[in-house]
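Remarks on the structure that follows.
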Amino acid sequence: QVQLVESGGGLVQAGGSLRLSCAASGITFSTNIFNWYRQAPGKQREFVAAVSSGGSTNYADSVKGRFTISRDNGKNTVYLQMNSLKPEDTAVYLCNVKYYFNNYWGQGTQVTVSS
């Protein structure tokens, strides 16, 4: 059974930093692409960043240069380092993986950025 567990969210002032973690189990971690999405109240879920099995990364334009996605295959964990946070980054951040034609999501972690 695939499980994704996010952690690391919290309340931070604008300009601050947070590091989110996504611990994965029940999956061949090293061979899969992992994604971070976010969903703000009243808005659609949106893509934030992705990391491939080889470590290649992709980012939404809104976070380029501020956020960094990485992975530790030895710990089955994906990270999202978020710097220079803005109030508009406030959302629930969710980890995602597509595995054997199924889409798996974590429960999410709340990030709140105060102005």
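The values are calculated or read from the model by the stated rules, or taken from the named source; none is laboratory data. This one's a predicted model, so the numbers in the text were calculated from it and none came from an experiment. So basically every Cβ, Gly included, is an ideal-geometry build from the backbone, and we count neighbours across all protein chains shown. We work out accessible area using only protein heavy atoms, side chains counted, and drop any ligands, DNA or RNA first. Shrake-Rupley method; radii C 1.70, N 1.55, O 1.52, S 1.80 Å.
Skip the ligands, DNA and RNA, and give the accessible area per residue of the chain with a 1.4 Å probe, whole Å².
Values: 6060 Å² over 115 residues.
Here the residues of the chain average 53 Å² of exposed surface.
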Original post:
Glu88 versus Gln107, label points 7 Å from Cα toward the beta carbon: distance in nm?
Top reply: 3.1 nm
**OP:** Once you have the Cα-Cα distance between Ser115 and Ser52, take 0.36 nm times their residue separation minus that, and quote the gain in nm to one decimal.
**Re:** 19.3 nm
Subject >> Distance from region 39-56 to region 59-80 (C-alpha centre basis), Å >> reply: 10 Å
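Given a 1.4 angstrom probe, I'd like the percentage of the accessible area of the chain that is carbon and sulfur, rounded to a whole number. All intermediate terms of the calculation are to be shown ahead of the outcome.
Working: 2860 of 6060 Å².
Solvent-exposed carbon and sulfur of the chain make up 47 percent of the total.
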**OP:** Would you kindly derive the ³J(HN,Hα) couplings of region 37-51 from the backbone phi angles with the Karplus curve 6.51 cos²θ - 1.76 cosθ + 1.60 (θ = phi - 60°), listing them in order in whole Hz, with x for Gly and Pro?
**Re:** 10, 9, 9, 8, x, x, 10, 6, 5, 10, 5, 10, 7, 9, 9
Original post:
Using 0.36 nm per residue, how much length does the chain from Asp72 to Ser7 gain when fully extended, once their Cα-Cα distance is taken away?
Top reply: 21.9 nm
